[in-house]
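The values are calculated or read from the model by the stated rules, or taken from the named source; none is laboratory data. It should be emphasised that the depicted structure is a prediction, and the values quoted were computed from it without experimental measurement. Quick reminder, even Gly has a Cβ in these numbers, built from the backbone with ideal geometry, and neighbours come from all protein chains shown. Accessible surface areas use protein heavy atoms only, side chains included; no ligands, DNA or RNA. Shrake-Rupley method; radii C 1.70, N 1.55, O 1.52, S 1.80 Å.
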Amino acid sequence: MASSVTPSRGMRDFLPADKAQRERVLGVIRNTFRSHGFDEIETPVMEDSDRLHAGLGGDNEKLAFAVMKRALTTDDLRAADQPLDLADLGLRFDLTVPLARFYASHRGELPTVFRSIQIGPVWRAERPQKGRYRQFVQCDIDIIGEAGPIAEVELITATVATIDALGLDGCSIRINDRRLLTSALELLGFPPKEHEPVLVTIDKLDKIGHDGVITELRDRGFPAGPVDALNEFFTRPVATELLPFGEAAIRKALPEGVDPVAVAELAAIGEAATEVVGRDVVEFDPWLVRGMGYYTGTIFEVAHPSVNYSLGGGGRYDGMIGRFLGSDVPAVGFSLGFERIVELVELESSEVADAVALIHDPTMSPAALLGLKAALVADGRRVRVERRPKNVKPLLDQLVAAGFGSYAFVDATTVTPEFKQLG
């Protein structure tokens, strides 16, 4: 019986047309990021296992693929207390942890404020399902070394410009601050040690609703008083007037007395981003959590009216790089969900007009055929040679699908090919 030839679960092959479309989308993303002053770097696909499991990646650490040490013996297997004892490397599960390590390694060679682009595959041991893969591409921009709100505004405006450049007009940025979340929980009566596990449940608000969040918190045994206070806050009467984004709107959506500094800073970021973009682009979401535990301040997600899921997200993670350097360095990043975006975008190839096919007589000599091809390539064309079949139509259809714009029949007597349009 023949073995399976399909990709491993959660992995995918891409046919030429699909790959070309992905590269076109990546080209727009990369060029727009660069136009906003970001520089592209590259990091290894594997990092030390201890680094990937140092508490920086939140729940994603549980999904990391481990790479076993070389030359393991049965004695090594018996001596291991846990599976990770057998691993010294792992596939990266995001691009943020590698960036933090990269910056710590190369800090002396980088500008004081470093604006980074990272685009590449990451791996997570997800349960494969529609829209969720074990290997997928992330497109990250990060600003390291800037503690002020200019970093968040710059990331938001670059991200909105990128989404717009892909033809997905009308996106918005949902924004919150981890300090506001913890301040709100404290005001509701949750002790600090319970903040993170409570936020894990609140992060499911979009999926299970207010009632589901309260039920889960009760089932998990959190104190009744704070849970009742949260339920009362969820179900409180709310005035219907809409306030413009700003401090008043933020305070209205949260328990009275939340961190005033965080409120003012978040309002300033949103107002500045709206002014730069030129439209109302920022929406305050009081219960936006973002699951990564390393976020220390602003957090955000990209929303688009055509879908009910986010197209990317990020936030400020001022404490992460300090794990490597011993002193904290301000950092904030934004990651686009490439696999979600590429399914929504249709970009026409800019190469079609310059992509030509030479359909040659089977008796034509290689030297004559490839001489014609070389001349066209030297002229800046993309050229493919194809043997002329009895039935030409299927071949022409394949050339259209592959992005070719014209073709010519050639034989040993051809000096200048006469091209005809495809499609």
With the full set of protein chains in place, find how many percent of the accessible area of the stretch 322-423 is carbon and sulfur; take the probe as 1.4 Å.
-> 50
Whole-percent carbon and sulfur contribution to the accessible surface of the stretch 117-228 (1.4 Å, no ligands, DNA or RNA) stands at 50
Report relative contact order for the stretch 113-160 in percent, whole number only (criteria: Cα-Cα under 8 Å, sequence separation at least 6).
-> 39
To the nearest 10 degrees, how steep is helix 224-234 against the longest Cα principal axis of the chain, on a 0 to 90 scale?
-> 60
Mean separation of Cα contacts under 8 Å (at least 6 apart) over the residue count of the chain, i.e. the relative contact order in percent, is 17
Multiply the residue gap between residue 11 and residue 77 by 0.36 nm, knock off their C-alpha separation, and tell me the result in nm, one decimal place.
-> 20.9 nm
Here the gain from full extension of residue 419 to residue 39, 0.36 nm per residue of separation minus their alpha-carbon distance, amounts to 132.7 nm
How high is the relative contact order of the stretch 57-193, in percent, counting Cα pairs under 8 Å that sit 6 or more residues apart?
-> 17
When every alpha-carbon pair in the stretch 225-342 is counted, what percent end up more than 19 Å apart?
-> 60
For the stretch 19-138, state what percent of all Cα-Cα pairs lands in each successive 5 Å bin, counting from 0 Å until the bin that includes the largest distance.
-> 2, 10, 16, 17, 17, 15, 11, 6, 3, 2, 1, 0
State which entries of 62/252; 62/130; 69/130; 62/193 exceed 30 angstrom in Cα-Cα distance in the structure shown.
-> 62/252; 69/130
What does the charge dipole of the chain about its Cα centre add up to, to the nearest 20 debye, if the Cβ of each Lys and Arg holds +1 and the Cβ of each Asp and Glu holds -1?
-> 1620
Could you tell me the accessible area of residue 275 in Å² (1.4 Å probe, neighbours in place), rounded to the nearest ten?
-> 150
DSSP-defined antiparallel bridges as percent of all bridges, the stretch 1-119, nearest 5 = 75
With the radius of gyration and the Kirkwood radius both derived from the Cα set of the stretch 285-394, what is their ratio Rg to Rh?
-> 1.34
Å² of accessible area per residue within the chain, as computed with a 1.4 Å probe and no ligands counted | 52
Rounded to 0.05, the calculated FRET efficiency for the beta carbons of residue 388 and residue 354 at R₀ = 30 Å is 0.85
Hull surface divided by four, with the convex hull built on the Cα atoms of the chain: how many nm²?
-> 29.9
Excluding residue 345 itself, what net charge comes from residues whose Cβ is under 15 Å from its Cβ, given Lys and Arg +1 and Asp and Glu -1?
-> -3
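Please report the antiparallel percentage of DSSP beta bridges with both residues in the chain, rounded to the nearest 5.
Approximately 70 percent, going by the DSSP bridge assignments.
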